[in-house]
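The values are calculated or read from the model by the stated rules, or taken from the named source; none is laboratory data. Quick caveat: nothing in here was measured; it's all calculated off a predicted structure. We place every Cβ from the backbone using ideal geometry, glycine too, and count neighbours over all the protein chains shown.
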Amino acid sequence: MNNIIFLNIMRFFGLLLLQVLICNNINFMGYINPHVYLLFILLYPTSNNRLTFIFSSFLLGLIIDVFLDSGGTHAAASVLIAYIRPLFLKFSFGAAYEYQTIKFSNTDFSQRFIYFLFLIIIHHFILFSLVVFNKNEMLLIIKQTLYSSIFSLIICLLFNSLFSKKQT
Amino acid sequence: MQQLFNFFIKNKTFVLFLLLFSIAVSLTIQSNEFHRSKLLNSSNHIIASIYGVSSGVSQYFSLVEENQLLLEENSRLKSEGFNQKRNSPIDSILEQTYSLSSALVYKNSYTQPTNYLTLNKGLRDSVKEDYGVITSKGIVGVIDKVSTKYSRVLSILNTNSKINVKLKKTKHFGTLTWDTKAADIVQLKDIQDLVKLEIGDSVITSGFSSIFPANIPVGVVHSYRLNDTKDLYIIDVKLFNDMTNLEHVYIIKNRDINELEALNESDE
């Protein structure tokens with residue numbers, strides 16, 4: 001148990017630094033940056049205290065906001081997907097989630113893909129709506145959401161499969 | 001009352017979510033409208049020192065270009081010095097209104113609608129809010145937050161930035177804003193449609209504000225069009241500065257800033 005807490009704390013700070021020092025300077029095609037820190041929220045253990053989970057997601061988003069001078073945009077998007085995560089866990093993993101027994105490293109790639117995809121798209125949509133903060137620029141929001149989501153998804157899946165300990 | 005408590009306990013996750021979400025959204029709105037958040041910005045000590053470590057490493061990769069820039073500027077200044085007749089007294093430094101100090105860029109962004117830079121100079125180096133920031137090529141922005149050792153710059157690539165500039169040829173002045181589309185193009189507004197414009201005209205600072213002295217280069221006219229009411233130009237200005245790879249910048253300190261501000265306040 002302590003091991004899991006330690007792992008998540010390490011992941012919190014590791015992903016935070018990775019995000020602000022490296023991933024936010026990629027600027028692929030001018031403005032596309034992957035949001036790797038989402039992995040913390042995506043891979044947080046499912047048998048958790050939801051209050052701690054939501055609060056730590058908020059904290060992660062807020063610290064990233066302070067680094068990037070972006071107000072509270074990352075915090076808002078992170079806390080939202082942390083709150084609606086159980087819904088998508090149930091949707092993507094089905095019965096396995098009901099019994100609280102899933103481990104992300106043991107799940108199917110396709111299930112994980114769907115789960116990542118939905119949460120990342122929702123996160124990015126909220127994020128860019130708040131960043132642009134202008135309802136006349138809907139097209140810009142959707143465009144940025146789409147491109148950044150694809151990039152984030154690829155990087156997140158890559159990191160996930162690189163660092164997962166799969167029992168074969 | 002009892003029921004109310006029960007309701008909160010039953011829905012505590014939702015209540016927490018709602019609370020945190022509204023905090024985050026209000027922070028966003030606040031940062032869009034005013035610059036009030038004192039603590040939560042990148043001139044914060046811990047945040048800026050982490051950026052400092054990272055910039056200490058990445059600095060090495062651009063040493064050659066930075067040296068080149070400094071050499072170019074040095075030679076330009078030297079040639080100016082040689083060609084100028086020396087008719088000012090030696091203690092003229094006492095009469096100077098503006099003084100420059102150099103700073104390093106710790107953090108820079110240019111992809112968001114609201115971009116800020118973090119510099120490694122702060123209150124300790126007598127840097128204050130509303131000081132201008134330039135490079136050898138052109139303007140960068142205005143300092144908007146200062147901590148003991150660090151400061152934050154409101155970049156010209158920020159929708160909240162408004163800087164007074166003029167056309168070099170005709171002396172007509174307007175406001176420099178940014179429409180978030182490209183990192184090397186900014187918009188010059190409030191120029192009358194009577195003004196004759198040519199592509200390639202230089203744009204320089206007007207010197208009306210206490211922040212920038214007059215005649216600092218900004219950019220050249222890239223293209224222009226009329227606004228919706230057909231009486232003012234919207235001019236796309238291509239910046240001399242490459243805002244994407246700033247490293248060494250200068251902070252401009254105006255010695256008369258207090259006097260000028262007192263004058264402006266008495267107006268209002």
Restricting segment B:196-247 to residues that are within 14 Å of chain A (Cβ to nearest Cβ) and among the charged types (D, E, K, R), the residue that is surrounded by the fewest Cβ atoms within 10 Å (Cβ to Cβ): B:Asp228
Scope segment B:112-159; condition within 14 Å of another protein chain (Cβ to nearest Cβ) and surrounded by fewer than 18 Cβ atoms within 10 Å (Cβ to Cβ); matching residues: B:Thr159
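Yes/no per residue for (1) more than 16 Å from B:Thr177 (Cβ to Cβ); (2) assigned to a strand (DSSP E or B); (3) in the same structural domain as B:Thr118 (by TED's automatic domain parsing); (4) not small (Gly, Ala, Ser):
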residue: B:Phe212; (1), (2), (3), (4): no, no, yes, yes
residue: B:Asn215; (1), (2), (3), (4): yes, no, yes, yes
residue: B:Val220; (1), (2), (3), (4): yes, yes, yes, yes
residue: B:Thr244; (1), (2), (3), (4): yes, no, yes, yes
residue: B:Ile251; (1), (2), (3), (4): yes, yes, yes, yes
residue: B:Glu261; (1), (2), (3), (4): yes, no, no, yes
Residue pairs meeting the criteria (Cβ under 7 Å; at least 6 apart or on separate chains; first under 12 Å from B:Tyr106 (Cβ atoms) and modelled with pLDDT of 65 or more, in segment B:36-50; second of a type in the set (Asp, Glu) and part of a loop (DSSP other than H, G, I, E, B)): B:Ser42/A:Asp69
Meets criteria (surrounded by 17 or more Cβ atoms within 10 Å (Cβ to Cβ), aliphatic (A, V, I, L, M) and within 12 Å of chain B (Cβ to nearest Cβ)) for A:Leu119: no
Flag if B:Arg76 is at pLDDT below 85, outside any helix (DSSP H, G or I) and more than 10 Å from chain A (Cβ to nearest Cβ): no
Test set (1) facing chain B (nearest Cβ under 7 Å); (2) touching a residue at least 24 places away in the same chain (Cβ under 8 Å) - A:Leu51 fails condition number: (2)
Unmet criterion (only one of (1) within 14 Å of chain B (Cβ to nearest Cβ); (2) modelled with pLDDT of 90 or more) for A:Thr73: (2)
Qualifying residue in segment A:132-146 (condition: surrounded by 13 or more Cβ atoms within 10 Å (Cβ to Cβ) and farther than 20 Å from B:Thr180 by Cβ): no
Residue that is of a type in the set (Ser, Thr, Tyr), over 30 Å from B:Asn160 (Cβ atoms), touching a helix residue (DSSP H, G or I) at 6+ places or on another chain (Cβ under 8 Å) and more than 8 Å from every other protein chain (Cβ to nearest Cβ), where the choices are A:Ser152, A:Ser56: A:Ser56
Condition broken by B:Thr180, with the remaining ones in (1) within 23 Å of B:Asn115 (Cα to Cα); (2) in a strand (DSSP E or B) satisfied: (2)
Any chance B:Leu27 is surrounded by 16 or more Cβ atoms within 10 Å (Cβ to Cβ), at pLDDT 80 or above and either within 19 Å of B:Ser155 (Cβ to Cβ) or over 24 Å from the mean Cα position of the chain (by Cα) (or both): no
Pairs, first closer than 28 Å to A:Leu68 by Cα and within 10 Å of chain A (Cβ to nearest Cβ) in segment B:6-29, second of a type in the set (Val, Ile, Thr) and surrounded by 14 or more Cβ atoms within 10 Å (Cβ to Cβ), C-beta under 6 Å, six or more apart: B:Leu16/A:Ile54; B:Phe17/A:Ile54; B:Leu20/A:Val79; B:Phe21/A:Val79; B:Thr28/A:Thr73
Filter pass, A:Tyr44 being under 29 Å from A:Lys103 (Cβ atoms) and at the interface with another protein chain (Cβ under 8 Å from one of its Cβ atoms): no
